[in-house]
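The values are calculated or read from the model by the stated rules, or taken from the named source; none is laboratory data. Since the structure is predicted, the reported quantities are computational estimates derived from the model, not experimental observations. Here the Cβ positions follow ideal geometry from the backbone for every residue, glycine too, while neighbour counts run over all protein chains shown. Just so you know, the surface numbers come from the protein's heavy atoms only, side chains and all, with ligands and any DNA or RNA stripped out. Shrake-Rupley method; radii C 1.70, N 1.55, O 1.52, S 1.80 Å.
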Amino acid sequence: METTTESRLMCTLRYDLPASLVVFLVAVPLSLGVALASGAPLVAGLVAAAVGGIVAGALGGSSVQVSGPTASLTLVIAGLVHAYGWQATCLITVLAGAVQVLLGAFKAARAALAVSPAVVHGMLAGVGIIIALAQLHVVLGGSPQHSAWANLTQLPGQIIDMHGHKVMVGVLTVTVLLVWDRLPKPVRAVPAPLAALLVAAGTAWMFNWSVTRIDLSGAITGWAPPQLPPDDWHNVVGAVLLVALLAGAESLLCCVATDGTHTGRRSDLDRELSGQGVANMVSGVLGGLPVAGVIVRSTTNVRAGARSHWSAILHGVWVLLFALCLGWTIKLIPMEALAALLVFIGLRTISLGHVRKVHGHNEVPVYLVTLGGVILVGLAEGVLAGLALAALLALRRLTRVTVDKREEGNGRVRATVSGSLTFLGVPQLTQELRAIPASTAVDLDLNIDFMDNAAFEAIHSWRLDHERLGGTVTIDELHDEWYAMAASGTRMFPAKSPPKPAGRWWLPWTHRRPDTAVECQLILGADEFHRRTAPLVRAIFTELAAGQEPSHLFITCADSRIMPSLITSSGPGDLFTVRNIGNLVPRAGSDPGDDSVAAAIEYATRVLNVHTITVCGHSSCGAMAALLRDPATTAELPQLRRWLRHGGASLSRLDGARDDGALDALCRLNVRQQLENLRTYGKVDEQVRAGRLKLVGLYFDIASARVQVVPPGEPVADADHPSFSRCRPVPRPAT
């Protein structure tokens, strides 16, 4: 126990302590800037940063997330301060924290992840633009207006009346922020926001520029308790829910994002939401801004090497000590420098990477509607508009029904219906089906994942009408049998429905098309592959088109009942396969007239560098049965008789009477013999001895559909038996 405690302490001192100092240097200027943009007392930003670090860091469910005041809530807080005053806003923050604690207790955190990222990114971009427009007036020496539109319309006049020194401070701040990441790494050890404020403050002091100073004197000691808002409780309740949901959603989304940037413990979202709630309650009581997880500070924390929640806690301690002991230094920072920092941060929220992501999922309209609504109407209204549009687009996707129709050479029409068949897609579905000429034979493939009653009625009515007019309709359902169940009167959602295989590619032709008479099943099968399977595997084959790198040489019988990919669950590019009668491996140099197997072994071991060679035999093997019978039975098959001479060594190993069980024993012995024959090839034996190649024997019992492992020179082990020896991959040698 002492060793564990010491190791944790060393980890904290080595990783978390330095990271906390870096985050502290980032948090102070950002917290002051958020407070400035919110219209709250500047000390409220420091209080929220300290409480977010200490309380949320200690009680939350994330090991690296850093919480504090966030720019996304500035519009809401500014509106509340304007409507109810600062002390009433603090009480709303306390109540919002209580709501978050309840949501965390009821395990509701995962629900926040259902919000479309397009809505989140659009909201952040809209808030960023509003902050930038408002603080640009401060940089120019004026005051922000009550709305984004007013800030935009009055911007030209503000530019005309701008104050030179204040503008120079803002330009200098933004310039430092832009060039800081291009400076040498030792210089970049100081966070860019802090460096920008220090440069701006130092320059203004050196040249004695006329700027607006920040004053925190009396702010810490001038605390007042939260107060009840006026008798406008329906709006107050709405504000409480809005703050709770927005702060909670941002914290949880930030939590998920930071989980992808480190390899430590994954976050407990419900605990994180409850921890954020407690932090908001404490922050509101102490006169701080609402608290949420902040992505900038969290990613900075991870990049600085943080390993545990102690980094966030210590960062909060440093903020608290700074506010208590060094708060007087803030008066050296020009207000215009903070405003320029906010302008820069606001514009940075418009990320082209986010736009590209939402464009890839056809959600740009949701992004733009949310952004425009936040700017022109309000934060809550913009978010609701974005959510509503996202829901409408999701509903619209349910109406998309794809009907692919094409005429086949025999006069038949094949129609493939894809999508989710609901009542919303019935008009399009009916239009497409009724466009099929009457009196034609139709093969209707239903490649669907759902069908409601309206869609079933539409298809069934069309089928009856088409057949009444002299046509035929054959329906094949590629997945669950929605149509078949509805047509038979079966419940669409049976309590215990039998499991249905995901596909039927593995069934013999006679089982899939028992009543279909065609000239060539291969051509029909190839057509089915083009329709059903090719679209699913085209990407894999495109990747494999440049070359093959199989890991196994698989030698098996030409028997039609053996499917290597089926019994080994392998896919394209896995097996380099050789098939012959009896899965025989001629001994090296035994038959110079037939080099096909030897050539495959040579190519597999010297060019492809396979790490396993498998010989797979099977029950009821016709080649082994021919060996057991009188040689005269193969007199009329001279080539077969000549080939089966390679199985003579297997036959000589068979002891006892050649009764009914002899064939099965010979099939198993033959696998073992072929493994020994493989060792007669010099390259194979050399790689086996070096541990770079493994020889494995398999035996497939057809009647039971069981695969068994046949170790060389040992009894057969069943796959379910404790002595089952699995094939373990051998590292591929460097090529």
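For segment 257-273, which residues satisfy the criterion of being open to solvent by 30 Å² or more (accessible area, probe 1.4 Å) and of a type in the set (Ser, Thr, Tyr)?
THR261, THR263
Looking at (1) of a type in the set (S, T, N, Q); (2) part of a loop (DSSP other than H, G, I, E, B); (3) in contact with a helix residue (DSSP H, G or I) (Cβ under 7 Å, 6 or more places away or on another chain), which is the one condition that is false for ASN208?
(3)
Got a sec? Which of GLN135, GLN158 is under 18 Å from ILE375 (Cβ atoms) and either within 43 Å of the chain's Cα centre (by Cα) or assigned to a helix (DSSP H, G or I) (or both)? Steps first, please.
Numbers: GLN158 fails: under 18 Å from ILE375 (Cβ atoms).
Exactly one residue qualifies, and that residue is GLN135.
When you scan segment 416-436, do you find a residue that is open to solvent by 70 Å² or more (accessible area, probe 1.4 Å) and of a type in the set (Lys, Arg), even just one?
Looking through segment 416-436, at least one residue is open to solvent by 70 Å² or more (accessible area, probe 1.4 Å) and of a type in the set (Lys, Arg).
Taking LEU197 as meeting all but one of (1) open to solvent by 30 Å² or more (accessible area, probe 1.4 Å); (2) touching a Ser or Thr at 6+ places or on another chain (Cβ under 8 Å); (3) closer than 24 Å to ILE330 by Cα; (4) not small (Gly, Ala, Ser), write down the number of the exception.
Answer for LEU197: the failing condition is (1).
Would you confirm whether or not segment 383-392 contains a residue that is in contact (Cβ under 8 Å) with a residue 24 or more places away in the chain, under 31 Å from the mean Cα position of the chain (by Cα) and open to solvent by 30 Å² or more (accessible area, probe 1.4 Å)?
Yes, segment 383-392 contains at least one residue that is in contact (Cβ under 8 Å) with a residue 24 or more places away in the chain, under 31 Å from the mean Cα position of the chain (by Cα) and open to solvent by 30 Å² or more (accessible area, probe 1.4 Å).
Read through the list (1) within 47 Å of the chain's Cα centre (by Cα); (2) within 25 Å of ARG679 (Cα to Cα); (3) surrounded by 13 or more Cβ atoms within 10 Å (Cβ to Cβ); (4) free of Cβ contacts under 8 Å to residues at least 60 places away in the same chain, then give the number of the only condition that ALA599 fails.
(3)
Give GLY284, GLY316 a once-over and let me know the one that is farther than 30 Å from PRO144 by Cα and either part of a helix (DSSP H, G or I) or in contact (Cβ under 8 Å) with a residue 40 or more places away in the chain (or both). It would help to see each step written out before you state the result.
Details: GLY284 fails: farther than 30 Å from PRO144 by Cα.
Step by step, each of GLY284, GLY316 is checked, and only GLY316 is farther than 30 Å from PRO144 by Cα and either part of a helix (DSSP H, G or I) or in contact (Cβ under 8 Å) with a residue 40 or more places away in the chain (or both).
Considering each residue of segment 682-699, count those that are in contact (Cβ under 8 Å) with a residue 24 or more places away in the chain and out of contact with any helix residue (DSSP H, G or I) (no Cβ under 6 Å at 6 or more places or on another chain), and give that number.
So the first thing to find is which residues in segment 682-699 are in contact (Cβ under 8 Å) with a residue 24 or more places away in the chain, and the list is 682-684, 687, 691-699.
After this cut, where a residue has to be out of contact with any helix residue (DSSP H, G or I) (no Cβ under 6 Å at 6 or more places or on another chain) as well, the list is 682, 687, 691-692, 694, 696, 698.
Looking only at that region, the number is 7.
Looking only at segment 108-165, which residues are open to solvent by 50 Å² or more (accessible area, probe 1.4 Å) and in contact with a Phe, Trp or Tyr (Cβ under 7 Å, 6 or more places away or on another chain)?
The one that is open to solvent by 50 Å² or more (accessible area, probe 1.4 Å) and in contact with a Phe, Trp or Tyr (Cβ under 7 Å, 6 or more places away or on another chain): HIS165.
Restrict the check to segment 178-200 and report whether at least one residue is modelled with pLDDT of 80 or more, touching a helix residue (DSSP H, G or I) at 6+ places or on another chain (Cβ under 8 Å) and in a loop (DSSP other than H, G, I, E, B).
Yes, segment 178-200 contains at least one residue that is modelled with pLDDT of 80 or more, touching a helix residue (DSSP H, G or I) at 6+ places or on another chain (Cβ under 8 Å) and in a loop (DSSP other than H, G, I, E, B).
Among the residues of segment 436-445, count how many are touching a Gly at 6+ places or on another chain (Cβ under 8 Å), not β-branched (Val, Ile, Thr) and not in a loop (DSSP other than H, G, I, E, B).
1
Quick check on segment 402-411. Is at least one of its residues surrounded by 12 or more Cβ atoms within 10 Å (Cβ to Cβ), within 17 Å of TRP462 (Cβ to Cβ) and not charged (D, E, K, R)?
yes
Across segment 604-627, what is the total count of residues that are open to solvent by 20 Å² or more (accessible area, probe 1.4 Å), more than 16 Å from ASN583 (Cα to Cα) and either in contact with a Gly (Cβ under 7 Å, 6 or more places away or on another chain) or not in a loop (DSSP other than H, G, I, E, B) (or both)?
Of the residues in segment 604-627, 1 are open to solvent by 20 Å² or more (accessible area, probe 1.4 Å), more than 16 Å from ASN583 (Cα to Cα) and either in contact with a Gly (Cβ under 7 Å, 6 or more places away or on another chain) or not in a loop (DSSP other than H, G, I, E, B) (or both).
Select from segment 536-563 the residues that are in contact (Cβ under 8 Å) with a residue 24 or more places away in the chain, farther than 22 Å from LEU644 by Cβ and of a type outside the set (A, V, I, L, M, F, W, C) and write down the one among them that is surrounded by the most Cβ atoms within 10 Å (Cβ to Cβ).
Filtering segment 536-563 for residues that are in contact (Cβ under 8 Å) with a residue 24 or more places away in the chain, farther than 22 Å from LEU644 by Cβ and of a type outside the set (A, V, I, L, M, F, W, C), the one surrounded by the most Cβ atoms within 10 Å (Cβ to Cβ) comes out as HIS552.
Is there a residue being modelled with pLDDT of 90 or more, hydroxyl-bearing (Ser, Thr, Tyr), outside any helix (DSSP H, G or I) and out of contact with any Ser or Thr (no Cβ under 6 Å at 6 or more places or on another chain) anywhere in segment 52-63?
No.
Taking interchain pairs and intrachain pairs at least six residues apart, which have beta carbon atoms under 8 angstrom, with the first residue in segment 143-158 and without any contact (Cβ under 8 Å) to a residue 60 or more places away in the chain and over 18 Å from MET335 (Cα atoms) and the second β-branched (Val, Ile, Thr) and assigned to a helix (DSSP H, G or I)?
Every condition considered, the pairs that remain are ASN151/ILE130.
Can you name the helices (runs of 4 or more DSSP H) wholly within segment 446-556 that have at least 3 residues being under 30 Å from VAL610 (Cα atoms) and either touching a strand residue (DSSP E or B) at 6+ places or on another chain (Cβ under 8 Å) or modelled with pLDDT of 85 or more (or both)? Steps first, please.
Values: elements: 453-468, 482-487, 509-512, 521-528, 534-544.
Counting at least 3 such residues, we get 534-544.
Criterion first (part of a loop (DSSP other than H, G, I, E, B), closer than 21 Å to SER298 by Cα and of a type in the set (A, V, I, L, M, F, W, C)) does VAL26 satisfy it?
Values: part of a loop (DSSP other than H, G, I, E, B): no; closer than 21 Å to SER298 by Cα: yes; of a type in the set (A, V, I, L, M, F, W, C): yes.
Criteria not met by VAL26.
Could you give every pair whose Cβ atoms fall below 7 Å, whose first residue belongs to segment 44-57 and is without any contact (Cβ under 8 Å) to a residue 24 or more places away in the chain and basic (Lys, Arg), and whose second residue is in a helix (DSSP H, G or I) and open to solvent by 10 Å² or more (accessible area, probe 1.4 Å), counting only separations of at least 6 or pairs across chains?
none
Picking from ARG266, ARG297, ARG303, which residue would you name as being basic (Lys, Arg) and touching an Asp or Glu at 6+ places or on another chain (Cβ under 8 Å)?
Within the list ARG266, ARG297, ARG303, the selection yields ARG266.
How many of the residues making up segment 147-167 are more than 17 Å from ILE131 (Cα to Cα) and out of contact with any helix residue (DSSP H, G or I) (no Cβ under 8 Å at 6 or more places or on another chain)?
8
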